[in-house]
Structures are given as C-alpha cells and as structure tokens.
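**Student:** After the structure tokens below, expect a handful of questions from me.
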Amino acid sequence: MKDLTFSTLVAVFEEVFGRGLFWMMVAAAALITLGYLYVLLRDRAVSWKKFLLAQLSMPVGAVLAVWFVMVMTESHLSDLGGPVDIIVFLAVAAVGAVGMAILVYTLESLLGSTRTKRAPEG
Amino acid sequence: MERRQFLSLALGGGAATLAAAGRPAEAAPVRTSARIVIIGAGAAGTALANRLTRRLDGAQITIIDPRQQHLYQPGLSLVAAGLKPSSYVVSDTAQWLPSGVTWLPERVAAVDAEAKTVATEGGQMLPYDWLVVASGLLLDHDAIEGFSLDMVGENGLGALYAGPEHAARTWAAASKFIEEGGTALFTRPATEMKCAGAPLKHAFLIDDIARRAGSASKTNMVYLAPQGVLFSVPIVAEKVRMLIGERGIDTQFNQTLKSIDAGARRATFTSETGGETEMDYDYLQVIPPQRAPDFVRQSGLSWADRWVDQGWIEVDPATLRHRRYPEIFAVGDIAGVPKGKTAASVKWQVPVVEDHLVGAIEGREGSQTYNGYTSCPLITRVGRAMLVEFDYQNNLTPSFPGIIAPLEELWISWLMKEVALKATYNAMLRGRA
C-alpha cells in the first residue's frame, strides 16, 4: 500500500459493500446522526432514562456489526490470527455498539415511549 | 507518512487524519510535443498513461492494445476457488483510459529501435520519441503436450491463469474433485512467472475448502515445483514449507509438467536429469511456461545472456530503462528484472518510469529508483492470508511493521486481499495510488 487518500478509502468501501448499499448506509448514518443532534438541541439535555435503553442495546449493536462484517467478507471468528485482528474485531464491535446506542436514543426521543415521555427528570 | 496515516485510520484516528491526508500539490505540467507510444493497456500501461497525461501538456500519447476487456488478474485466484464470479475480474479497457490519449486497438508486429518506430499487424507505422513496453507476457499453454485450453473444466483439468472463463471452469473441475475425492496435482512452471504465490494460494484454498466440505479424508494433495524450494525468498520458503507440512500437502521438487493424457488423467513430469515420472490425477492445475511476446524477442529488445528461452526486456533494474536504447522503458511483467511480475510491483514501478521519462523530456535525470518491491497476500485459507512483501535482495519489506507481521497468517491480510485490493488496484489504474 503506497498511499491512502480519502478517495481511495471511499473506493475501498464501495467495493466492500457495493456502491448502492454503501451510500445507503452512509445516508442512513448521516440521517441518524442529524436526528440525534436534533433531539439533543430540542431537549437541551441528555435524558439518562433514554440512555439506559440505549446502553442496554449496545451489545446487540456490537454483535450485529460483527456478524455483518463476517458475512460480507466470508470470514469466521476462528480466522482471527493475531493482535491486530483482535483490534480490528473490537473496533468493529465498538462502532456497532456506539451506532446502535445513538440509533436507539434518537428513535426513543423522536417516537417516544410511555416510560420516557413524561417531563424531563431534574 | 502513508503508513502512519493508515495506522491512525486503522486505530480509529478518524476524520482529522483524513483531512490531513490530502495530496501534495502537483507540479505544473511539462510542456512538450513528444510522441510517446505505450504498448499494452494492462495494469502498467493504463496506470502510466493516466499519470503521464497529468504530468505532460501537449504530448501525443498513443496506447496500443487489441483487448477490449481489462482483467483484474489478482482476482483470478478467488474466481478459481469459487469465491467470486468471473465477472469480478472483467472491466472495459476503455473505461480506464484518460481522454487525450489515442487508443489503437491493434496488435504490435515489430519495434524498430534504431528507426524508433512501432509497426502494427494492421499495417500502421507509428514513429515515437519515447516508447514504453508494457505488453505483459504470453502464457505458453501449447508447451504442455496433450493440453489445450478448451479442455479446462472437464476431466479434472484446471488452468486458472488463462483468464476469467477458464478460472471459473477451473473451479468447476476443482469442486467436482472436492466432491468426489482423489488426487490433486498443483504445478508451476520452470520459467519466471506472474505472482509466484498464486499456485500456492490455489493449493491452500482447495485444501481448505475440501476440509470444510468434510472431504479431507478422501483427498490427497501434491504440490510439484520445477525448483528446489517452495518460494524464491528463503525466509518465506521456510514458512511455506512449515505451513504446507501442517496441512498435509505433499511436496515434490525438481518436477516440471511436460505432458498430459487428458482421457487417462495422467500427467508426465520431467526432472533436471531428464528422468520422467508419470502420475495419475483426479484434478490437475496447469500453470504453463511464461515468455515474452514474439515481437519483443524478434525486435532485439531482450536480454542476450539472461532468460534466453523467455526473452524479458533488457532494462536497468533500478530505472527500468532499456540498457541499449535509452528512449525505451519496460514496465510490468515484460521487464527483465529478477522479481515482481505482480500488480504490486507495477504500482511501484510505474512512478519510477514516469519520473525518468518526464525527467528525460525536461532534459534532466530522474531520481526515483525501483528496489524490486513486490507483495503477495498469500492466502492460506478462506479467511486468512500472510501479507508477504520483499525486494530484489530477498529482504522482507513490511508496509506495516509491528502491526501486520509478514509471516503470520492473519484475518486482516485476508480482508486486504478480499476487500481492499481491488479498490486499490482501480485507484492505481487511474494513476491515483
């Protein structure tokens, strides 16, 4: 690998997921992030009640992300061979967990649930 | 710099790194009316054409190649193991060529290095000021007696180098073998060859897929090489010897495939001393001798005292400039250098040729040199590979020292081969990597 630029990186990801799926995922991630920022600005506070559910969903996100990468790259857990593999694996799981937490928090804020719909806690 | 960029990205460095990773400002194009002819629109010719159009203003660049299809050859190993469809390696030649370059879809008949002209089989005569030969090489399937390409896919015959359709038919033959069991013979030629790791990858992949299919007990695998070692780089050869031993693949050295009897499924091998050995097979991977195209040898561009049966072009190994005709360069498989008939080599060779060519047009000496770098993501099973990188001196030259160990079977190296390599290759074709 001689040099790595932003356009190379985009090309790599287009190759991984296919152009359509990749840009759909980028759009989805952008929408969710915007939604998250919107509810933060709207509520002017982080609701720890909402965060409880968000945090509980994090392991689910981690597992889903790992499963997705493994299927997309025809890999298995037993293929992890060295420290760098573990780091990549954990990074995938971490990204999945954080992404899921943001998604759940945002959805709960936008759609609401009986548990968290009452006035914000003090 | 690029390594650090990669590391910080890999470790989650994120957007700040990306923003800082912009390309350095490019020098203003050099004004010239030079006539440049590039023979071959494969990986090397296409990448160079794209780079030259950005570096030169007013040059008349002609690229000669009759092939309408561009092949991503590093993908053939994946097609031949059923991991990708044949369409994975095929694209249109035209889509990669820059505007401003004239594409002449003809075959080259001869180069006259004294008169500085290239003649095509269609009868055109192109004068040049600078010539870059990136013609690639010939797979000499006819050299294997009793074998022809139309047999591939039937009777247990595979030939993954021959192209996308043949790689797909190779997988048809290999998967039938995995189902039914028997003896598989994996061969390689005595000549220099494209990606010397590919025959090993194929053996490792077929073995792995057979194991997963539960066929290990009824399959017997033999790897036969004309050489006395498994890989030309000693430290890699030892590692491969250990791996292939662990996998229970037999090895036989000093055996060159001479002929086959396709009906009887029997292959004949010769040894250096001339002795012949016959072996029955249920699956045979044929990788034929590889040589320079006829026009190269007939035009007097080849080495006179090295690789005389193969005809690679006589270039300085550091600059890739012809040793007798300074206005000629050779890049890619056709270059007569001791290592590196791979896309990774092309990636490192092309900027060197660009530097010396543009320098010569400007009336200065180029400063970049090629150290023989090549790389091979040596797949050892579906999901794992060793990223092997080395130079002319057989030194390991790891791109990510301390992170991606060169002789370790890693998942990340597989991800690179399976996922990142084609995108990087495409970026290289466009002259952007």
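The values are calculated or read from the model by the stated rules, or taken from the named source; none is laboratory data. It should be emphasised that the depicted structure is a prediction, and the values quoted were computed from it without experimental measurement. Neighbour counts are summed over all protein chains in view; Cβ atoms, including those assigned to glycine, are modelled from backbone coordinates with ideal geometry.
**Student:** Quick check on my filter: what residues within the stretch B:77-131 are in contact (Cβ under 8 Å) with a residue 12 or more places away in the chain, farther than 30 Å from B:G156 by Cα, assigned to a strand (DSSP E or B) and aliphatic (A, V, I, L, M)?
**Tutor:** Selection gives B:V101, B:L104, B:V108, B:A109, B:A110, B:V111, B:V118, B:L126, B:L131.
**Student:** If the requirement is being under 22 Å from B:K258 (Cβ atoms), in contact with a Ser or Thr (Cβ under 8 Å, 6 or more places away or on another chain) and modelled with pLDDT under 95, which of these qualifies: B:A184, B:A225, B:A196?
**Tutor:** B:A196
**Student:** Looking at the stretch B:390-404 only, could you name the residues that are more than 7 Å from chain A (Cβ to nearest Cβ) and assigned to a loop (DSSP other than H, G, I, E, B)?
**Tutor:** Once the filter is applied, which keeps residues that are more than 7 Å from chain A (Cβ to nearest Cβ) and assigned to a loop (DSSP other than H, G, I, E, B), the stretch B:390-404 yields B:D391, B:Y392, B:Q393, B:N394, B:N395, B:T397, B:P398, B:F400, B:P401, B:G402.
**Student:** May I pose another question? Among the listed residues A:A11, A:A62, A:A91, A:A54, identify the single one that is crowded, with 18+ Cβ neighbours inside 10 Å, hydrophobic (A, V, I, L, M, F, W, C), at negative phi and within 7 Å of chain B (Cβ to nearest Cβ).
**Tutor:** None of the other options fit; the residue is A:A11.
**Student:** Would you say A:I32 is away from every other protein chain (no Cβ under 14 Å) and either part of a helix (DSSP H, G or I) or at pLDDT below 90 (or both)?
**Tutor:** Considered against the rule, which asks whether it is away from every other protein chain (no Cβ under 14 Å) and either part of a helix (DSSP H, G or I) or at pLDDT below 90 (or both), A:I32 comes out as yes.
Yes or no, residue by residue, for (1) modelled with pLDDT of 95 or more; (2) small (G, A, S); (3) crowded, with 17+ Cβ neighbours inside 10 Å:
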| site | (1), (2), (3) |
| --- | --- |
| B:A304 | yes, yes, no |
| B:Q310 | yes, no, yes |
| B:T319 | yes, no, yes |
| B:I334 | yes, no, yes |
| B:W348 | yes, no, yes |
| B:Y392 | yes, no, no |
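**Student:** Going by the structure shown, is B:K339 within 11 Å of chain A (Cβ to nearest Cβ), within 21 Å of B:K194 (Cα to Cα) and in contact (Cβ under 8 Å) with a residue 40 or more places away in the chain?
**Tutor:** no
Condition check ((1) crowded, with 16+ Cβ neighbours inside 10 Å; (2) not assigned by TED's automatic domain parsing to the domain that holds B:P164) across all residues:
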site: B:K84; (1), (2): yes, yes
site: B:S87; (1), (2): no, yes
site: B:D92; (1), (2): no, yes
site: B:A115; (1), (2): no, yes
site: B:V118; (1), (2): yes, yes
site: B:M125; (1), (2): no, yes
site: B:V133; (1), (2): yes, yes
site: B:E145; (1), (2): no, no
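**Student:** Okay, moving on. For the stretch B:415-433, how many residues meet the condition of being facing chain A (nearest Cβ under 7 Å) and more than 16 Å from the chain's Cα centre (by Cα)?
**Tutor:** Qualifying residue count for the region: 8.
**Student:** Next question. Residues to consider are B:L378, B:L407, B:L387; find the one that is within 18 Å of B:A196 (Cα to Cα), in a loop (DSSP other than H, G, I, E, B) and touching a residue at least 12 places away in the same chain (Cβ under 8 Å).
**Tutor:** None of the others qualify; the one that does is B:L407.
**Student:** Let me spell it out: the conditions are (1) touching a Ser or Thr at 6+ places or on another chain (Cβ under 9 Å); (2) without any contact (Cβ under 8 Å) to a residue 40 or more places away in the chain; (3) buried (at least 24 other Cβ atoms within 10 Å of the Cβ), and B:A330 meets all of them except one. Which number is the exception?
**Tutor:** Just one mismatch for B:A330, condition (2).
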